[in-house]
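K.L.:
Dropping the structure in here first, questions after.
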Amino acid sequence: MDISVIVPLYNEAESLPELEAWIRRVMTENNFSYEIIFVNDGSTDNSFEVIRSLSQSNPAVRGISFRRNYGKSPALNTGFRRAKGDVVITMDADLQDSPDEIPELYRMIMKDGYDVVSGWKQKRYDPLSKTIPTKLFNATARKVSGIHNLHDFNCGLKAYKQKVVQRLEVYGDMHRYIPYLAKNLGFNKIGEKIVHHQARKYGTSKFGLDRFVNGYLDLLTLWFTNKFGKKPMHFFGLLGTLMFLLGFIAVIAVGAMKLYYLHSGHPYILVTDSPYFYISLVTMLLGTQLFLTGFLGELIVRNSSRRNEYEIDEEI
C-alpha cells in the first residue's frame, strides 16, 4: 500500500464527508493505493456514524472510536499502530489541511528520502491571539530541539516513513513534538513543506490557550529525558555536589568569621544566630537530596528492562 492517511477527530461530523471525498479524489487522480484511518476521539456528536457510512461506500475507509476523549496524541498513536502504507500522512479533520498536498509530501518521502516532512502554514487564517503565541512557541521549540529548519512544529499535516511511525510512541500531548521524538530515535532527515492553510469551515477549535503552557512543560520533559534519561546522575549528581560544596564552603566561612572576631577582640554573635549559617545548612541538605535523587534514578535505570534498547536501523 502506498499511503495511509490518519485523521484524528473530535466532533467533526459535518466536515468528514467533504474531507473523505477530497482525499479520495486526490488518491484516484494520482493512482495511489491508500487507506484512510479516522480515529474518533470520544466525540459526542454523530461523527462515528458518519465514519461508518463512509466506510460502507469506500472500502479504503477504516474507523476507530475511543469510549471517551483521550486527546490527539493517543489518537495518533493508535492510528500509527494500525497504518500499513509505505508513507503515513496525518492531517486534521477540520478541512484546514488540504489533501492536495499529499502527492508532494509522498514524493519528498519516497524520492527525496526524508524521514519526516512537516507542513508549514506560512499564511495562517488565525487571530493574533493564536498566531503570536504560536511564533514564540515554535522559536523555543527550534532552540531546544536543535531542529532549526522547522517553522511550525504543531502543524497537523505531516508525512512519515513507515519505519518512523512504527518506532514512535506518542503520549500525553507530545504530538506537538513528533519531529523531536523522531530525531531522538535517530531519524535525522527532517524536512518542511509550505502548505496551504484554509479557514475553518465548520465548528470551532477544540484547543484553548492552556496548550501553550502545557507545550512548554512537555518540551522541558522531552529535553530532560533525551539528555539525561539513561544517566540521571549526570544531572542530579552534578547539581547536588555543587550545591553541597557551596553550602559547606559557606559554613566554613561563617565559622572562620567567628574565629576571626574572637581572635581580634571584636564583638561577635553566636554562629546559630547568623542567618547565613542556616542558609548554608539548607544548601547542603538540598545538595544531598539532589545527589540521592540521581542515585535513585540510576538504580531505576539499571533495573529497567529497556536499559539496553537501542535503535537499529538495518542489519545484514
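The values are calculated or read from the model by the stated rules, or taken from the named source; none is laboratory data. All values derive from a computational prediction rather than experimental measurement. Backbone-built Cβ (ideal geometry, glycine too); neighbour counts: all protein chains shown. Areas reflect the complete protein model, heavy atoms only, side chains present, ligands, DNA and RNA absent. Shrake-Rupley method; radii C 1.70, N 1.55, O 1.52, S 1.80 Å.
K.L.:
Return the only residue of 52, 107, 67 being basic (Lys, Arg), open to solvent by 10 Å² or more (accessible area, probe 1.4 Å) and within 19 Å of residue 19 (Cβ to Cβ).
P.N.:
52
K.L.:
Looking only at segment 70-85, count every residue that is open to solvent by less than 30 Å² (accessible area, probe 1.4 Å) and farther than 19 Å from residue 4 by Cβ and tell me the total.
P.N.:
Qualifying residue count for the region: 1.
K.L.:
Give all pairs with beta carbons closer than 9 Å in which a residue from segment 125-141 that is open to solvent by 50 Å² or more (accessible area, probe 1.4 Å) meets a residue that is at pLDDT 75 or above and not basic (Lys, Arg); count only pairs at least 6 apart in sequence or on separate chains.
P.N.:
Here the result reads 125/96; 125/197; 125/198; 135/151, each pair linking segment 125-141 to a residue that is at pLDDT 75 or above and not basic (Lys, Arg).
K.L.:
Can I ask one more? Could you list, in sequence order, all residues of segment 6-62 that are of a type in the set (D, E, K, R), more than 20 Å from residue 198 (Cβ to Cβ) and touching a strand residue (DSSP E or B) at 6+ places or on another chain (Cβ under 9 Å)?
P.N.:
35, 41, 52, 62
K.L.:
Now, a different point. Please report, ordered by residue number, the helices (runs of 4 or more DSSP H) entirely within segment 6-118 with at least 2 residues that are farther than 22 Å from residue 173 by Cβ.
P.N.:
16-29, 47-57, 102-110
K.L.:
On to the next question. Any residue in segment 272-285 that is more than 24 Å from residue 237 (Cα to Cα) and part of a helix (DSSP H, G or I) sitting within a Cβ distance under 9 Å of a residue that is open to solvent by 40 Å² or more (accessible area, probe 1.4 Å) and among the aromatic types (Phe, Trp, Tyr)? List the pairs, counting only those 6 or more apart or interchain.
P.N.:
272/278
K.L.:
If I filter segment 228-270 down to residues being surrounded by 15 or more Cβ atoms within 10 Å (Cβ to Cβ) and of a type in the set (Val, Ile, Thr), which single residue comes out as farthest from residue 302 (Cα to Cα)?
P.N.:
Within segment 228-270, the match that is farthest from residue 302 (Cα to Cα) is 254.
K.L.:
Tell me which residues, restricted to segment 23-44, are of a type outside the set (A, V, I, L, M) and either surrounded by 15 or more Cβ atoms within 10 Å (Cβ to Cβ) or within 27 Å of the chain's Cα centre (by Cα) (or both).
P.N.:
Within segment 23-44, 24, 32, 34, 35, 38, 40, 41, 42, 43, 44 meet the criteria.
K.L.:
Considering only residues that are open to solvent by less than 10 Å² (accessible area, probe 1.4 Å) and either at pLDDT below 90 or of a type outside the set (Phe, Trp, Tyr) (or both), which ones fall in segment 157-174?
P.N.:
Result: 157, 158, 159, 164, 165, 168, 170, 174.
K.L.:
Of the residues 61, 88, which single one is in contact with a Ser or Thr (Cβ under 6 Å, 6 or more places away or on another chain) and either open to solvent by 10 Å² or more (accessible area, probe 1.4 Å) or over 24 Å from residue 122 (Cα atoms) (or both)?
P.N.:
Step by step, each of 61, 88 is checked, and only 61 is in contact with a Ser or Thr (Cβ under 6 Å, 6 or more places away or on another chain) and either open to solvent by 10 Å² or more (accessible area, probe 1.4 Å) or over 24 Å from residue 122 (Cα atoms) (or both).
K.L.:
Restricting segment 253-281 to residues that are among the β-branched types (Val, Ile, Thr) and either at pLDDT 75 or above or in contact with a His (Cβ under 6 Å, 6 or more places away or on another chain) (or both), which is farthest from residue 243 (Cα to Cα)?
P.N.:
254
K.L.:
May I pose another question? Tell me which residues, restricted to segment 180-235, are at pLDDT below 85 and among the polar types (S, T, N, Q).
P.N.:
Correct list: 198, 204, 205, 214, 221, 225, 226.
K.L.:
Any idea which of (1) crowded, with 20+ Cβ neighbours inside 10 Å; (2) in contact with a helix residue (DSSP H, G or I) (Cβ under 9 Å, 6 or more places away or on another chain) is the one residue 15 doesn't satisfy?
P.N.:
(2)
K.L.:
Further question on the same structure: So is residue 290 modelled with pLDDT of 85 or more and either more than 30 Å from residue 171 (Cα to Cα) or open to solvent by less than 100 Å² (accessible area, probe 1.4 Å) (or both) or not?
P.N.:
The answer is yes for residue 290.
K.L.:
Let me ask something else. Would you mind stating whether residue 51 is within 19 Å of residue 165 (Cα to Cα), among the hydrophobic types (A, V, I, L, M, F, W, C) and without any contact (Cβ under 8 Å) to a residue 60 or more places away in the chain?
P.N.:
So residue 51 fails the test.
K.L.:
Scan segment 126-139 and give yes if some residue there is at pLDDT 85 or above and acidic (Asp, Glu), otherwise no.
P.N.:
No; the residues of segment 126-139 include none that is at pLDDT 85 or above and acidic (Asp, Glu).
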